[in-house]
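Visitor: Handing you this structure, nothing more for now.
The values are calculated or read from the model by the stated rules, or taken from the named source; none is laboratory data. Keep in mind the model is a prediction, meaning the values are calculated, not measured. A quick note on method: Cβ atoms are made from the backbone with ideal geometry, for glycine too, and the neighbour counts reach across all protein chains shown. Only protein heavy atoms, including side chains, enter the accessible area calculation; ligands, DNA and RNA are left aside. Shrake-Rupley method; radii C 1.70, N 1.55, O 1.52, S 1.80 Å.
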Amino acid sequence: RRVPPHHHAHYLQHKERAREFVHERLVFWNTHYGFSYGKVAIRNQSSRWGSCSSKHNLNFNYRIIFLSPELADYIIVHELCHLEVFSHAPHFWDLVARTIPEYLYLKKQLANVRFSHHVI
């Protein structure tokens, strides 16, 4: 499905700010974990906030900058922890809880956020 031009323009307008934000927060949170990761991509995804590839590349939705700081940090920590545990096994959630003890609450909050090209 084609993305309307204004959606793409919104992405291009905010992509670099999102990249700076994500890199800054990755550095901050990774001081607690010490994981190594590959490329970091900022994407215009329609249904995902983030992902981690088997090559240890991290992808984030540019709309992350429109979320509350707590939700954005939860997404970043979530993807960082996938570098260690690729599934959502109990050990994965233990890793997330090390720095985001309220992750269950944030996970529920995030599930209620609708994707939009408008500010969330």
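Visitor: When you look at Phe115, is it of a type in the set (Phe, Trp, Tyr), under 22 Å from Glu16 (Cβ atoms) and either in a helix (DSSP H, G or I) or at pLDDT 95 or above (or both), yes or no?
Guide: Numbers: of a type in the set (Phe, Trp, Tyr): yes; under 22 Å from Glu16 (Cβ atoms): yes; either in a helix (DSSP H, G or I) or at pLDDT 95 or above (or both): no.
It is false that Phe115 is of a type in the set (Phe, Trp, Tyr), under 22 Å from Glu16 (Cβ atoms) and either in a helix (DSSP H, G or I) or at pLDDT 95 or above (or both).
Visitor: Has the stretch 85-100 got at least one residue that is closer than 25 Å to Leu12 by Cβ, open to solvent by 40 Å² or more (accessible area, probe 1.4 Å) and out of contact with any Cys (no Cβ under 7 Å at 6 or more places or on another chain)?
Guide: Within the stretch 85-100 (the criterion being closer than 25 Å to Leu12 by Cβ, open to solvent by 40 Å² or more (accessible area, probe 1.4 Å) and out of contact with any Cys (no Cβ under 7 Å at 6 or more places or on another chain)), the answer is no, since none of the residues qualifies.
Visitor: Continuing with the same structure: Please determine whether any residue of the stretch 20-37 is farther than 28 Å from Pro101 by Cβ, within 14 Å of the chain's Cα centre (by Cα) and free of Cβ contacts under 8 Å to residues at least 24 places away in the same chain. Quick ask: steps written out before the conclusion?
Guide: First pass over the stretch 20-37, keeping only residues farther than 28 Å from Pro101 by Cβ: none.
There is no residue in the stretch 20-37 that is farther than 28 Å from Pro101 by Cβ, within 14 Å of the chain's Cα centre (by Cα) and free of Cβ contacts under 8 Å to residues at least 24 places away in the same chain.
Visitor: Continuing with the same structure: Tell me which of these His56 doesn't satisfy, since it passes every other one: (1) free of Cβ contacts under 8 Å to residues at least 60 places away in the same chain; (2) farther than 22 Å from Tyr105 by Cβ; (3) assigned to a loop (DSSP other than H, G, I, E, B); (4) open to solvent by 70 Å² or more (accessible area, probe 1.4 Å).
Guide: Unmet for His56, out of (1) free of Cβ contacts under 8 Å to residues at least 60 places away in the same chain; (2) farther than 22 Å from Tyr105 by Cβ; (3) assigned to a loop (DSSP other than H, G, I, E, B); (4) open to solvent by 70 Å² or more (accessible area, probe 1.4 Å): (4).
Visitor: Which residues, counting only those in the stretch 67-86, are closer than 11 Å to Cys52 by Cβ and in a loop (DSSP other than H, G, I, E, B)?
Guide: Result: Leu83, Glu84, Val85, Phe86.
Visitor: Go through the stretch 87-98 and give me each residue that's closer than 17 Å to Ser51 by Cβ and not aliphatic (A, V, I, L, M).
Guide: Ser87, His88, Phe92
Visitor: Determine whether the stretch 7-23 contains at least one residue that is on the phi < 0 side of the Ramachandran plot, at pLDDT 95 or above and in contact with a Leu (Cβ under 6 Å, 6 or more places away or on another chain).
Guide: no
Visitor: When the residues of the stretch 87-103 are narrowed to those that are assigned to a helix (DSSP H, G or I), without any contact (Cβ under 8 Å) to a residue 60 or more places away in the chain and touching a helix residue (DSSP H, G or I) at 6+ places or on another chain (Cβ under 8 Å), which ends up farthest from Tyr33 (Cα to Cα)?
Guide: Applying the first criterion (assigned to a helix (DSSP H, G or I)) to the stretch 87-103 yields 90-99, 103.
Filter once more, so that each one left must be without any contact (Cβ under 8 Å) to a residue 60 or more places away in the chain: 90-94, 96-97, 103.
Cutting the leftovers down to touching a helix residue (DSSP H, G or I) at 6+ places or on another chain (Cβ under 8 Å) gives us 92-93, 96-97, 103.
Numbers: Phe92: 12, Trp93: 14, Val96: 10, Ala97: 12, Tyr103: 16 Å.
Step by step, filter the stretch 87-103, then rank; the result is Tyr103.
Visitor: Please go through the stretch 23-52 and pick out each residue that is of a type in the set (Ser, Thr, Tyr) and in a strand (DSSP E or B).
Guide: Ser51 - this is the single residue of the stretch 23-52 that is of a type in the set (Ser, Thr, Tyr) and in a strand (DSSP E or B).
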